[in-house]
Amino acid sequence: MDATTMRKWIANGNVLGWSVFWVFGFLAVTAPADAVGQMIGAAVLAFMGLVLGVWCYLRIVRGDV
């Protein structure tokens, strides 16, 4: 893959990661108190989105792509 294609993939990963973080983070925060499984599942997915978003953002900012 050339550099332009990789930049596009990293940018798409950045948008996807932050979107997943905000959507599932909201679901984890607003889950009912008795739905512990739903809360934990949403929190795990939100954390994965956070990791992906931060990793892609740092790749873009540092110019590693």
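The values are calculated or read from the model by the stated rules, or taken from the named source; none is laboratory data. Note that the coordinates shown come from a computational prediction; the quantities given were computed from them, not determined experimentally. Neighbour counts run over all protein chains shown; Cβ positions are idealised from the backbone, glycine included.
Would you check if residue 52 is out of contact with any Gly (no Cβ under 7 Å at 6 or more places or on another chain) and without any contact (Cβ under 8 Å) to a residue 60 or more places away in the chain?
Details: out of contact with any Gly (no Cβ under 7 Å at 6 or more places or on another chain): no; without any contact (Cβ under 8 Å) to a residue 60 or more places away in the chain: yes.
So residue 52 does not fit the description; no.
Does residue 49 satisfy the condition of being under 10 Å from the mean Cα position of the chain (by Cα), modelled with pLDDT of 95 or more and either surrounded by 11 or more Cβ atoms within 10 Å (Cβ to Cβ) or not in a helix (DSSP H, G or I) (or both)? I'd like the intermediate steps shown before the answer.
Numbers: under 10 Å from the mean Cα position of the chain (by Cα): yes; modelled with pLDDT of 95 or more: yes; either surrounded by 11 or more Cβ atoms within 10 Å (Cβ to Cβ) or not in a helix (DSSP H, G or I) (or both): yes.
So residue 49 fits the description; yes.
Please tell me if residue 44 is hydrophobic (A, V, I, L, M, F, W, C), part of a helix (DSSP H, G or I) and either surrounded by 12 or more Cβ atoms within 10 Å (Cβ to Cβ) or over 8 Å from the mean Cα position of the chain (by Cα) (or both).
Yes: the conditions hold for residue 44.
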